[in-house]
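> Handing you this structure, nothing more for now.
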Amino acid sequence: MSSNAFNAITRQINCLFGNKEPWQVASITAISLMTVIWLLEQIDHDESISSRAKNKFFKLMRLLPQVQRKIDTEVSKVSAGMEKSVQDRTAHMEYYSTLPLLGLSNEELLEEVDKYLSLGEYKWKEGRVSGAVYNFNEQLCELMSIVYQKTAYTNPLHADIFPGINKMEAEVVRMCATMFNGDENTVGTMTTGGTESLIMACKAYRDYAREVKGIYKANIVMPRTAHAGFDKAAQYFNIHINYADIDPITTKVNMKQMAAKINKNTIMLIGSAPNFPYGTMDDIQAIAALGLKYKIPVHVDACLGGFLIPFMKRAGYPLPPFDFRVKGVTSISADPHKYGFTPKGCSIILYSDKKYRHHQYTMTTDWPGGVYGSPTVNGSRAGGSIAACWATMLHFGIDGYVEATKRVIDTTRYIERHLRQIKGIFIFGTPATSVIALGSREFDIFRLTDAMCSFGWNLNTLQFPSGIHICVTMLHTMDGMADKFIKDIKAAVGEIMKNPGKPVEGKMALYGQAQTLSDRSLVADITRCFIDSMYYTPGAAIKNGK
């Protein structure tokens, strides 16, 4: 800019403020500066202006007393209904509200346990549920009971007292690293479940990005179908999520959109192998290539299929590369307590390099109780769960897992082929492992959920768009179970197609309506009611002990 132009601008500014008092000049300057800062923050915000405006609108609407009263009334009705369903299930039983004066005998206690376990209405041991229980073998249960009995009171937090438990955990991590084609640099830890593994990955990459890249407004880029555990981690760690939509045909992530969502604050990219809703596998190679291009860590969530996909090639079902052989993949999560058939409470988080795992750890160095460091969310951990996982993996071995994988995938493919022949329903995408998702263009698919419940089946419901899925487990590989499922689906769809336009009723109608609510905070309110109902205890008819 020339000196003449600069002088002209300064003269105009002086003229503009010539008649202003000093306090006015200072106020205008401060307000202008704050306005510019606010605008820059809005521009740099990961959440869109329209999304923030919509959320703000709904919050303001709730400030109106008549609106809030209406919401409170409707939510109270829903809450009462959920609580009543719990009351109905346990109406024949009393509740404990205080410790019994005298402890129960072994016989009394075991009798109580059997009563509590009989409360469920679904016959999960017969394979009538989707996922949830991935195997049930009496001999394996007996073996694991003995292992857990021996190790129930151990705690790897005290490594000097229980070094054998630490050795077991280290061996589980190393065996899993080998399964996923890691090298000598591959490291990891055990966690209590898939959600904790995802939380740990987000924590590690957030802290790594802070230290190495100076990123303090972190975001992660992931498909809409990525597990909700990432959203939980984002809420815990103040990380924003940039969602990439999926291809409506393949149900895999749209790679162009995923690339477009990356910005200077992106700390990790995520792909699923497979995803929970549809059982399809994202293009891990393409996501890893993006990670290399922009120098961003890439996490592969294999929590659901982690003990299937490493064995599928040997079982006759090869998959595209998905593990540490893919350059750019920096971490993998997998759950032994699913298709690894270990007792519940076991998951694995693996990293390609120790530098990432170091940022997963939590350190407290100035506590009067001493230096405190822990590898995962928990301090104390159940050594029995670690030992049972270790024992289960050694019990099955490679051949055992290959055989199990073949049985599960054979059954899944068999069910899929027959379902594709049923008029009135369709399959979402092409299942990669054990999940088959169903939709319908002819009728409300939630009617099929209700119909299958009447046949004794419990299936998972999906939204955006509406759908249901079955997660095939070892229980479904039992003689006749796959054919029974197919037969019941055919019968249910056949009955529904007699009047396809009939609306869905009951609790599934409520679930369907929830998808149409623009104010998602209302859905959150309803979900809180459901969680509250899980902790229901009555005010009367309480067992007060002996």
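> What distance in nm separates the two pseudo spin-label positions at LYS256 and VAL75, each 7 Å out from Cα along the beta-carbon direction?
Between LYS256 and VAL75, the label points sit 4.1 nm apart.
> Taking R0 as 45 Å, what's the FRET efficiency between MET93 and SER374 from their Cβ-Cβ distance, rounded to 0.05?
0.70
> Next question. Taking Cα extents along the principal axes in Å straight from the coordinates, which label in [x] 66, 53, 41; [y] 93, 60, 60; [z] 117, 62, 46 is the correct one?
Answer label, from the structure shown: [y].
> To make sure I understand the rule: partners must be aspartates and glutamates, Cα under 16 Å from the Cα of LYS354, and not fewer than 8 residues away in the same chain. Which ones qualify?
Straight-line reach from LYS354, under 16 Å: ASP183, GLU184, ASP207, GLU211.
> So, one more: In what order do GLU416, GLU169 fall by count of nearby beta-carbon atoms within 10 Å, going from fewest to most?
Working: GLU416 16, GLU169 23.
Ranked by crowding around the Cβ, least crowded first: GLU416, GLU169.
> Pull out the extension gain between GLU142 and LYS313, defined as 0.36 nm times the separation in residues minus the alpha carbon to alpha carbon distance; nm, one decimal.
Using 0.36 nm per residue and subtracting the Cα-Cα distance, I get 58.4 nm.
> Here's a follow-up. Measure out, as a whole number of angstrom, how far apart the alpha-carbon centroids of the stretch 158-181 and the stretch 193-227 sit.
24 Å
> Relative contact order for the chain: what is it in percent, counting Cα pairs under 8 Å that are at least 6 residues apart?
19 percent
> Let me ask something else. Treating the angle as unsigned and between 0 and 90°, give the value, to the nearest 10°, between the Cα long axis of helix 445-454 and the longest Cα principal axis of the chain.
So the helix axis and the longest Cα principal axis differ by about 30 degrees.
> Then there is this: Considering only DSSP beta bridges whose two residues both sit in the chain, what percent are antiparallel, to the nearest 5?
Antiparallel bridges: around 50 percent, rounded to the nearest 5.
> Can you put HIS337, HIS240, HIS359 in order of Cβ neighbours within 10 angstrom, beginning with the fewest?
HIS240, HIS359, HIS337
> To test your reading of the geometry: what angle, between 0 and 90 degrees and rounded to tens, separates the Cα axis of helix 481-496 from the longest principal axis of the chain?
60 degrees
> Kindly put LYS252, LYS264, LYS217 in sequence by how many other C-beta atoms sit within 10 Å of each C-beta, fewest to most.
In increasing order of surrounding Cβ atoms, one gets LYS264, LYS217, LYS252.
> Given R₀ = 22 Å, what would the calculated FRET efficiency be for LYS502 paired with SER454, taking r from the Cβ atoms and rounding to 0.05?
Details: r = 15 Å, r/R0 = 0.69.
The value I calculate is 0.90.
> Also, quick follow-up: I'd like the per residue volume of the convex hull spanned by the Cα atoms of the stretch 207-291, given in cubic angstrom.
Taking the convex hull of the Cα positions in the stretch 207-291, it is 86 Å³ per residue.
> Please give the FRET efficiency for ASP479 paired with LEU292, using the beta carbon to beta carbon distance and R0 = 41 Å, rounded to the nearest 0.05. Can you show the working numbers first?
Working: r = 48 Å, r/R0 = 1.17.
According to the calculation, E is roughly 0.30.
> What is the Cα centroid distance between the stretch 82-152 and the stretch 427-469, reported in whole angstrom?
28 Å
> Something else now. Give me the one-decimal nm value for the distance between modelled label points at ALA152 and ASN19, 7 Å along each residue's Cα-to-Cβ direction.
That separation, rounded to one decimal, is 8.8 nm.
Where a number appears in this text, it was derived from the coordinates with a stated rule and is not lab data. This one's a predicted model, so the numbers in the text were calculated from it and none came from an experiment. Ideal geometry is used to build each Cβ from the backbone, glycine not excepted, and the neighbour counts take in all protein chains shown.
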